[in-house]
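J.: Can you keep this structure in mind? I'll have questions shortly.
The values are calculated or read from the model by the stated rules, or taken from the named source; none is laboratory data. Keep in mind that this is a model prediction, so the values were computed, not measured. As a convention, Cβ positions derive from the backbone with ideal geometry for all residues, glycine included, and neighbour counts pool all protein chains shown. Just the protein is used for accessible areas: all its heavy atoms, side chains included, with ligands, DNA and RNA removed. Shrake-Rupley method; radii C 1.70, N 1.55, O 1.52, S 1.80 Å.
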Amino acid sequence: VTRVLLLAAAALLFAAAPAAAKTEVATSGAIRAELSYTPQPDGPPKDIVLRVFDGDEQIVQKRIADSRYLTPVLRDAVRARDLDGDGTAEAIFDLFTGGAHCCALTYLYRGTTEIERNWGNVGYRLRDVDDDGVTELVSADDRFNYRYASYAGSLAPLQVLRLGEDELVDATRDPVVTPLLRREARRFRRIYRNVAVRARRDRGLRELVRSSLAAYTADLCSLDDCDTGYALIRRAQRRGDVRGFLRVVRSDMQTLGYDTVDWG
Ligand SMILES: [Ca+2]
Ligand SMILES: [Ca+2]
C-alpha cells in the first residue's frame, strides 16, 4: 500500500525563509477543520494547533508540543469528510514524525472524540471500497516491515479499517475487501515468482522472496485460506528458494493473529 504520505513532509523541512503562521482549512457541511502552524526555515514547524468547528462553535482545540517534531504532510494535511456515513463530517489531520521512514500519524475527530493512529511506515488512503457511503481506510500491516527483510525489501499485507463509535475497527476480513485481498495476493505471488530464480544467484533478492511469501500468506489468511499460502511456501522450500521458512511464517501468522485456526 501507499508510502506516499511519508515523503510528503520533506519539502517543508527545506522551506527557505522563516514565515508567518499558516492555516490550512477543510470544510464539509457544518464542520470546519483548521490546521495552523508556523513554518521554520531549518526544521519542522512550530506551534501546530488542530481545531475543529461545528458551525460557529469551536469543539476541538489541540496543541501539538514542538518537542514532538511533527510536520503536516504536504498534501491534504487537513480534511473534513464523513467517514462513517452518518451525515456529519469527521475532521482528519495527517502529520509525519520525520526520520528516514517512520511514521505517519493521524488525528481524527468524530465530534469531540479524538482517535489517534500511528500508521508506522505504511500510511493509508481513504477509499469507499464498496461504494456504500462508508469510507474505508486502506492501509497495510506495518508489523511486516523489517520482519523478513530490510525496509526496501519489505512487503506488508493489506489492512483495512473503518471508523467505529470511538475507534478504528479492523475490516480486513469484511467480504467487501475480498477483491482487494485477492488482487494483492496475486501481486505478491507474482513478485515471488519473478525474483525466485534470480535470487539463487543474487543474495540481495532473497529477502524479497521471504517477504513476498509471508505477505502473500497473510493476505490469504485474511481470506480464510492460510493453507494455500503455506502450500506455496512448502513448494518454495522444495525448490530451495527458502529454508525452514514454513515453520517461521506459520508461527508468525498465529502470533500476529492471521491464522486463527485453533490447533489445540
Ligand atoms: Ca460522520
Ligand atoms: Ca464502504
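J.: Here is a check on your reading of the model: is ARG183 farther than 25 Å from ARG117 by Cβ and out of contact with any Asp or Glu (no Cβ under 6 Å at 6 or more places or on another chain)?
T.: Values: farther than 25 Å from ARG117 by Cβ: no; out of contact with any Asp or Glu (no Cβ under 6 Å at 6 or more places or on another chain): yes.
Judged against the criteria, ARG183 is not a match.
J.: Sort through ALA199, ALA214, ALA218 and tell me the only one that's open to solvent by less than 40 Å² (accessible area, probe 1.4 Å), aliphatic (A, V, I, L, M) and over 18 Å from ALA140 (Cα atoms).
T.: Values: ALA214 fails: over 18 Å from ALA140 (Cα atoms); ALA218 fails: over 18 Å from ALA140 (Cα atoms).
Step by step, each of ALA199, ALA214, ALA218 is checked, and only ALA199 is open to solvent by less than 40 Å² (accessible area, probe 1.4 Å), aliphatic (A, V, I, L, M) and over 18 Å from ALA140 (Cα atoms).
J.: What are the residues in the stretch 166-175 that are touching a residue at least 40 places away in the same chain (Cβ under 8 Å) and open to solvent by 40 Å² or more (accessible area, probe 1.4 Å), if any?
T.: Step one: filter the stretch 166-175 for residues touching a residue at least 40 places away in the same chain (Cβ under 8 Å), giving 166-168, 172-173.
Passing the criteria: ASP166, GLU167, ARG173.
J.: Restricting attention to the stretch 63-75, which residues are open to solvent by less than 50 Å² (accessible area, probe 1.4 Å) and either touching a residue at least 60 places away in the same chain (Cβ under 8 Å) or of a type in the set (Lys, Arg) (or both)?
T.: THR71, PRO72, VAL73
J.: If I filter the stretch 30-78 down to residues being touching an Asp or Glu at 6+ places or on another chain (Cβ under 7 Å) and β-branched (Val, Ile, Thr), which single residue comes out as farthest from GLU116 (Cα to Cα)?
T.: By that ranking, first place goes to THR38.
J.: Give the residues of the stretch 83-119 that are part of a loop (DSSP other than H, G, I, E, B), open to solvent by 50 Å² or more (accessible area, probe 1.4 Å) and within 14 Å of ligand 1 (Cβ to nearest atom), sorted by residue number.
T.: Once the filter is applied, which keeps residues that are part of a loop (DSSP other than H, G, I, E, B), open to solvent by 50 Å² or more (accessible area, probe 1.4 Å) and within 14 Å of ligand 1 (Cβ to nearest atom), the stretch 83-119 yields ASP86, GLY87, THR88, THR112.
J.: How many residues does the stretch 120-137 hold that are hydrophobic (A, V, I, L, M, F, W, C), open to solvent by 10 Å² or more (accessible area, probe 1.4 Å) and either away from ligand 2 (no atom under 16 Å from the Cβ) or within 16 Å of LEU158 (Cα to Cα) (or both)? Break it down stepwise before answering.
T.: First, pick out the residues of the stretch 120-137 that are hydrophobic (A, V, I, L, M, F, W, C): 122, 126, 129, 134, 137.
Narrowing the set further to residues that are open to solvent by 10 Å² or more (accessible area, probe 1.4 Å) leaves 126, 129, 134.
Narrowing further to those that are either away from ligand 2 (no atom under 16 Å from the Cβ) or within 16 Å of LEU158 (Cα to Cα) (or both): 126, 129.
Count: 2.
J.: Within the stretch 144-157, count every residue that is closer than 22 Å to THR255 by Cα and surrounded by fewer than 17 Cβ atoms within 10 Å (Cβ to Cβ).
T.: 3
J.: Looking only at residues in the stretch 120-137 that are closer than 30 Å to GLY55 by Cβ and over 16 Å from the mean Cα position of the chain (by Cα), which one is farthest from ligand 1 (Cβ to nearest atom)? Step through it out loud before you land on a result.
T.: Step one: of the stretch 120-137, the residues closer than 30 Å to GLY55 by Cβ are 124-128, 131-137.
Filter again for over 16 Å from the mean Cα position of the chain (by Cα), leaving 131-134.
Values: ASP131: 17, ASP132: 14, GLY133: 10, VAL134: 9 Å.
So the residue we want is ASP131.
J.: Give me the strands (runs of 3 or more DSSP E) completely within the stretch 120-209, filtered to those with at least 1 residues that are among the aromatic types (Phe, Trp, Tyr), ordered by residue number.
T.: On the way: elements: 124-127, 136-140, 158-163, 168-170.
In the stretch 120-209, the matching strands (runs of 3 or more DSSP E) lie at 124-127.
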